[in-house]
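The values are calculated or read from the model by the stated rules, or taken from the named source; none is laboratory data. Model, not experiment: these values are computed from the prediction. Positions of Cβ are generated from backbone atoms using ideal geometry, with glycine treated the same way; all protein chains shown enter the neighbour counts. Just so you know, the surface numbers come from the protein's heavy atoms only, side chains and all, with ligands and any DNA or RNA stripped out. Shrake-Rupley method; radii C 1.70, N 1.55, O 1.52, S 1.80 Å.
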Amino acid sequence: MAEDFDAVIIGSGAGGAPIAWTLARAGKRVLILEKGPLLRPQRQRRNQLSDFKRDEIFATGTEKRIKVAGMANFNGSYYSSHVEPDLNDEPHVYNKNGTDFATIEGYTAQVVGGGTQLYGGVSLRFTPRDLALRSFNEGRTLQADGNGDVKREARDWPVSYDELEPWYCAAETLIGVNGTVANQGKRFSKDCYMKPLQPNPISKHVEQGMDALGFARYRTPLAVITEDHEPSGRKVPADPETAKTAYVNRYGDPLGLKSSTWVSLLAPIETKLTLRPNSVVTHLEAEGAAVRRVHYRDAAGNKKVAAGKIVVVACSAIESIRLLKLSALLDPNFDARIHASGLLGKYFLTHAFGGASAQVSAPERYDKSQTLDSDWATDACASDAFLDERGLWAGGAIYNNTSDRALPISLARTHGSQDLDTIWNAFVNDTSMTGQKLVDFLDGNFGRGLSVSFMANQVPLPTNRIELHPSVKDKWGRPVAYIEKRWHEHDVYLMNVFADRCAEILRRGRVTDGLGSGGVYMAENALARCANHILGGARFGTDPKDSVLDRDNRAWEFENLYVTDGAFMPTSGGANPTLTIQANAFRVGDTLKGRV
Amino acid sequence: MADVLPLDDEYVLNFCGKYLARDEFDTRHNYGQYPNPNDPRGAIAEAWRFPIVDTFRSESGSDDDHRYNGVTFVYPGLREAPPKSVGVVGTFGALYDAVPLQPVKDADGQATGYLAVTLKLLKGEAHTYRFVADGVAVNDPVNPQETRLDNGQIWSRFFTHLCTQPVSFEQWELEILNRLTDHILPFRTRDAQNFLSRFYDSADKDNKRTQYAHAYRLDQPVGVVNFIDKLVAREEAHHLVDYKLCLRLIDDVLSSRRPGVARTAWDKEAYIELYDQMGQDSVPGWNTGVYGSPRYFLQILRRHTYTGAFSHPKYGGNVGAAGWAYLEETYRGVAGASAFDWRRALEPPLGRCGDYFG
């Protein structure tokens, strides 16, 4: 017997929660199915103990070994956080020059709140340009695009910035974001930010560097409340500055100040909706153009079925596409409809990202444990003048990181490797670093590291795609996601330009000790890395032959199936994607109110 | 008799769904921690998390809370044929007096097949236990930790936070490990030695009571050996074999290099030479037939040593947060303020954050 709801929403993160919030408050009967656990902040538990801890071993756990048959990194080490999936239970496999590797990259977090529990909270809007890159590039001359791929594959979004703008305001208000409006390269109809906290003093170098380059700067918008947040009823400590802690990026917040979709949206209306954590959806079942049943397993593995007038898939791009493809495997009708355009899984995107990093010189040293994830940002490298001068197809945001290398274990395990697949490697391999040399390492790096990052648009390519792996199965016996990704020559060119600007910010800010810079394409596992920004693969558009979803995120050949995580994006935007996923989900949620 | 705490079904199910529930029972999680390749626990992800050892806090909060853990025992019953009654007996209570486990219910109040109980137990202890399922005593089918009792029986085992009782290593192994880790850490410089002496000696009585109640100085560099002893018993049990083989080989190598000298009297230079050779993966006298790569062992040892020195003291290293305090005192900014005010973010009595309870 299927339980009946107005809406069944699969996933409780940035793409699912805003829709659940909108529909539940409109009196609709909403079921959220979330694969991960419901981990609560202190104030929501009787004994006032949170499931999130300020504990470095929670962010990056103890060693496990990859035991997935057929992987080139079989028996390799990996270290996942307590809310990331176990790679042996549910690996993502990516193809590196014909060889398969299991990777932890490309997972956000499996927990109520999804990636918003774990992220650094950077909540930038995309620019109007980001949403109109096809029209922008008509008639322009681009570097490093010998085959004309960029112009051919660039797409405009079916929704303009002006249409999205009120929903950005809604997201900033309802989620709870601090930051400043002035100097941002986007139009704001109103300032919905909370007041930012004092920057970490190490960031003054970034301030100087950006100023010296004439890069107008603003305080990086961060999803952390700094004032009492009326919409969610959350209160800040007597001294809001105490919210600053390096236990921020990759940590759930035991105090609930970081604005995850759980604490900001869902917890306040917990009694108005049905939330089933620890529930993994195995497949969707359709009759004709309607998805009728959602099949899932509960925490004990029992088979359950739910039905909704509408079904929203928001499991983060890779897992959403996998779920749709798994459903298609079981039913030719579902298969024909979801693959009507042949584009499902194609145009998988992450970001062109990277940056520069160095150490401030003696005698300077700062307490980087009192920080949020970032202090200063600039849109200077998203301006038309900047792009025209360098023949770039699209721009990006640049911001500094303050929470990196801030705690003693993270300093060592990210030494020489910033990503999840290669974490610890450089420290482990450098066996000479011991005793006095370890003292020297700490002397040189503790409280001294300063990084500047960029987050820019990646060229969409049909060959970058998500499929089902032919042989590897998860713990439920279902095929896992298989990822194919390459960097386009223009991506490489763009990353070099941006990495150089990041390095220049540090140089002009007089931070040059150990200065290094580069784009992600240079990394050992460059083909896997994605900054956990997993986008595209089910892009929305106005032409059913050129997209998977319509402008309301509805799958073209279904009457009641929506995909609202980052999979909908035709281009990846020149900024971290979470706020845009949230804004778009509020927009879609508002439309759905009238459809159930 | 240990206090039974109220059972939080949601809390327990958060562990069950992720780690226990599955259709596939191939041993995809056995990376060496189970000698038998077909050990059914090899199908369970992070089986070491059971029983669940967590922070304890009384509902209104009390100064005494930090002395205890909440320990949750979970029995995975079959949904089709759940046992009628399951209890747990162990060295934390009377062995004839099983504490009953309660059915874990889902949000709709339906029994899930899992049974569980949460006990309030002192920190700093190791215990053995068994479940009694419908009158039959069985080891925990999930927890990988087991130990042989004096009577020859094998029972399940766990330890609480800040446990200093050795569970993995013998005395001679601890001695060698102590010297090896000492060489890796940054605490051998004179400044660091002075700091640590001062840190331990100057801790006032109150501090000693709250912070070293179980983990006093241990005569080890910030308790790292104790951390490793616990890590290879639990989270990284797959590396216990590396230590067992390599500590024996190191003992053989150094004994032959310092004939007639007692193990405790081996000089610093003997370790430095060995260490450099391990880094080169070429140790004269090392039996590579027993263990192929001394460098590989050194890599594991360095990661464990550094982690132990600077991870939360609950894991058994970083005693009294001495590792953090060393960084706090050593690293200062231009104006003299510390570059690591770690107490600000952490729970009392370890830290001074009034809002966070650990």
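Restricting the stretch B:58-149 to GluC sites (Glu not before Pro) that sit in a DSSP loop and have at most 13 other Cβ atoms within 10 Å of their own Cβ leaves B:GLU59, B:GLU80.
Ligands, DNA and RNA left out, the accessible area of chain A computed with a 1.4 Å probe is 48% carbon and sulfur.
Rolling a 1.4 Å probe across all protein chains gives A:ASP228 an accessible area of roughly 90 Å². When you filter the GluC sites (Glu not before Pro) in the stretch A:133-191 for DSSP loop state and at most 11 other Cβ atoms inside 10 Å of their Cβ, you are left with A:GLU138.
Taking the square roots of five times each eigenvalue of the Cα gyration tensor of the stretch A:65-144, the equivalent ellipsoid has semi-axes of 34, 22, 9 Å, listed largest first. In a simple Cβ point-charge model (Lys, Arg +1; Asp, Glu -1; nothing else charged), the stretch A:45-135 has a dipole of about 320 debye relative to its Cα centre.
Against chain A, whose longest principal axis is taken from its Cα atoms, helix A:161-171 shows a tilt of about 80°. For A:THR180 and A:GLU3, a Förster radius of 60 Å and the Cβ-Cβ distance give a FRET efficiency of 0.85, rounded to the nearest 0.05. As a fraction of the 1.4 Å probe accessible area of chain B, surface on carbon and sulfur atoms comes out at 49 percent. A loss of 30 Å² or more of accessible area (1.4 Å probe, protein heavy atoms, ligands and nucleic acids excluded) relative to the isolated chain is seen in these residues of the stretch A:290-318: A:ALA299, A:ALA300, A:ASN302.
Residues of the stretch A:214-260 buried by at least 30 Å² of accessible area upon assembly of all protein chains, compared with the chain on its own (1.4 Å probe): A:TYR247, A:LEU255.
Reducing the stretch B:279-341 and the stretch A:143-159 to their Cα centroids gives an inter-centroid distance of 49 Å.
On the beta carbon distance between A:LYS593 and A:LYS195, with R0 = 30 Å, the FRET formula returns roughly 0.40. Estimated from the Cβ-Cβ distance and a Förster radius of 30 angstrom, the FRET efficiency linking A:ASN302 and A:THR271 is about 0.80.
What share of the DSSP beta bridges in the stretch A:1-158 is antiparallel, in percent to the nearest 5?
Just about 65 percent of them are antiparallel.
Remark: the A:ASP156-A:HIS339 segment gains 63.7 nm on full extension, using 0.36 nm per residue and subtracting the alpha carbon distance.
Can you tell me, using C-alpha contacts under 8 Å and at least 6 residues apart, the relative contact order of the stretch B:12-127 as a whole percent? The value is 22 percent. Accessible surface for B:ILE52 stands near 10 Å², nearest 10, in the context of the full protein assembly shown (1.4 Å probe).
Once the Cα atoms of helix B:294-310 and of chain B are each reduced to a long axis, what angle between those two axes, in degrees from 0 to 90 to the nearest 10, is obtained? It is inclined by approximately 70 degrees. Between A:SER383 and B:ASP191, the modelled label-to-label distance comes to 4.5 nm, taking each label 7 Å out from Cα in the direction of the beta carbon.
Dividing the mean sequence gap of close Cα pairs (under 8 Å, 6+ apart) by how many residues chain A holds gives a relative contact order of 24 percent. Each part gets one Cα centre, and for the stretch B:10-87 versus the stretch A:1-45 those centres are 26 Å apart. Across peptide B:183-193, the average count of Cβ atoms from other chains found within 10 Å of a residue's Cβ is 3.
Note that the stretch A:238-352 presents 29 Å² accessible area per residue, ligands and nucleic acids not counted, probe 1.4 Å.
Remark: spin-label model distance A:LYS96-A:ALA69 equals 2.3 nm, labels positioned 7 Å along the Cα→Cβ axis. Angle check, please: helix A:436-445 long axis (alpha carbons) against the longest principal axis of chain A (alpha carbons), in degrees 0 to 90, nearest 10. Roughly 80 degrees between the two axes. Averaged over the residues of A:359-370, the number of partner chain Cβ atoms lying within 10 Å of the residue Cβ comes to 4. The residues of the stretch A:88-102 occluded by other protein chains by 30 Å² or more of accessible area, set against the chain on its own, are A:ASN88, A:ASP89; surface from heavy atoms, 1.4 Å probe. Measuring between their Cα centroids, the stretch B:132-187 and the stretch A:213-255 lie 42 Å from each other. The residues of the stretch B:1-114 present an accessible area of 47 Å² per residue when probed at 1.4 Å with all protein chains retained. Placing +1 on each Lys and Arg Cβ and -1 on each Asp and Glu Cβ, with no other charges, gives chain A a dipole about its Cα centre of roughly 1040 debye. Averaged per residue, the stretch A:415-546 has 33 square angstrom of accessible surface, using a 1.4 angstrom probe with ligands and nucleic acids left out. Of the residues A:ARG508, B:ARG295, A:ARG155, ranked by 1.4 Å probe accessible area with the largest first, the sequence reads A:ARG508, B:ARG295, A:ARG155.
The coefficient of translational diffusion for the protein assembly as shown, derived via Stokes-Einstein from the alpha carbon Kirkwood radius under 10 °C and 1.306 mPa s, stands at 55 µm²/s. Per the accessible-area calculation with a 1.4 Å probe, the total area buried between chain A and chain B rounds to 6700 Å².
Estimated purely from DSSP H runs of n ≥ 4, each contributing -39500 (n - 2.57), the mean residue ellipticity at 222 nm for the protein assembly as shown is -7000 deg cm²/dmol once divided by its residues. Remark: chain B carries a charge dipole of roughly 680 debye about the Cα centre, counting +1 on each Lys and Arg Cβ and -1 on each Asp and Glu Cβ.
Our summary gives chain B a relative contact order of 14 percent, counting only alpha carbon pairs under 8 angstrom and 6 or more residues apart.
When a/c reaches 1.5 or more, the comparison of a/b and b/c decides; with that in mind, is chain B rounded, prolate or oblate per its Cα gyration tensor? Note, shape of chain B comes out oblate.
When you filter the chymotrypsin sites (Phe, Trp or Tyr not before Pro) in the stretch B:41-105 for DSSP loop state and at most 14 other Cβ atoms inside 10 Å of their Cβ, you are left with B:TYR96.
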